[in-house]
1. Restricting to DSSP loop positions (anything but H, G, I, E, B) with no more than 10 other Cβ atoms inside 10 Å of their own Cβ, which trypsin sites (Lys or Arg not before Pro) remain in the stretch 52-114?
2. So who's got an amide H within less than 5 Å of the one on residue 51, skipping anything under 5 residues away but keeping other chains? H placed 1.01 Å off N, in plane.
3. Which whole-Hz couplings ³J(HN,Hα) result when phi for each residue of the stretch 150-163 is put into the Karplus expression 6.51 cos²θ - 1.76 cosθ + 1.60, θ = phi - 60°, listed in order with x for Gly and Pro?
4. Check residue 104: other-chain or 5+ apart residues with amide H under 5 Å from its amide H, H built from backbone geometry?
5. Taking the solvent-accessible surface of protein heavy atoms with a 1.4 Å probe, what is the per residue accessible area of the stretch 72-188 in Å²?
6. Report the label-to-label distance for residue 84 and residue 132 in nanometres (one decimal), using points 7 Å from each Cα along the Cα→Cβ vector.
7. Would you mind telling me the share, in percent, of accessible area of the stretch 43-141 contributed by carbon and sulfur at probe 1.4 angstrom?
8. Show me, bin by bin at 5 Å from 0, the whole-percent P(r) of the stretch 36-163 based on Cα pairs.
Amino acid sequence: MRVSVVVKCMFALALLSGCRGEKKKNLVINQIPKAAVEVDSTVYGVCGLGTAMNTLELITDNGDTVSCQLSAADSKGNVVGGLSVGDRMAVVGVTDKDEGFVASKVINITSLLGKWANIRESFEICDGGLVKSSVKEQTPRTEWKILNGKLLLSKDTFDISFIGPDSLHLKRAGVVYGYRRLPLGTLR
């Protein structure tokens, strides 16, 4: 038993002496993320002049012009915020071999931007993913993005049910949250 302890100590000393004179290297530990990052299937762009009742002409962020069939999305109330030429849009859909690109959800991002409030909270959805929030709130919202046709407000995920000129309806876990648009310059 004494021999094995002596051998282990000599082995440890040999390892330590071999490290002298070398610079210490940073040890990089790769961690596997708990959840895989969700891929965004949303197509972003601007509403084009060729937009009609059942078709959205989308000029995508990479310069392509895509004709999106709206019949499926429109019949289910999944065109939110309206279609106005020049407005920024987020579109989720599938490519059908007969009909081309068929939209299942269309969100007018330009209509989504602005100051919104209800009895519990108020916040401003700004261009570029920033959210300005009231200081009084316990967990103020700080960022937003669209991911696969859903609105992510900080850590919360919502379905956008309705965007109108003066109201916004967000749905999460079966509960609809209603907001009214605040005039510019106000945020309570």
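1. Numbers: sites: 76, 88, 97, 105; in loops: 76, 97.
Sparse-neighbourhood loop trypsin sites (Lys or Arg not before Pro): 76, 97.
2. Residues meeting the amide H criterion: 57.
3. 3J(HN,Hα) across the stretch 150-163, in whole Hz: 10, 9, 9, 10, 6, 8, 9, 10, 10, 8, 8, 7, 7, 10.
4. Residues meeting the amide H criterion: 92, 93, 94.
5. Working: 6270 Å² over 117 residues.
Accessible area per residue, the stretch 72-188: 54 Å².
6. 2.0
7. On the stretch 43-141, the fraction of accessible area on carbon and sulfur atoms equals 52 percent.
8. 2, 11, 19, 23, 17, 13, 8, 4, 2, 0, 0
The values are calculated or read from the model by the stated rules, or taken from the named source; none is laboratory data. Because the structure is a prediction, the values reported are computed rather than measured. When we count neighbours, we look across all protein chains shown, and the Cβ atoms used for this are built from the backbone with ideal geometry, even at glycine. Please note that ligands, DNA and RNA were not included when accessible areas were found on the heavy atoms of the full protein model with its side chains. Shrake-Rupley method; radii C 1.70, N 1.55, O 1.52, S 1.80 Å.
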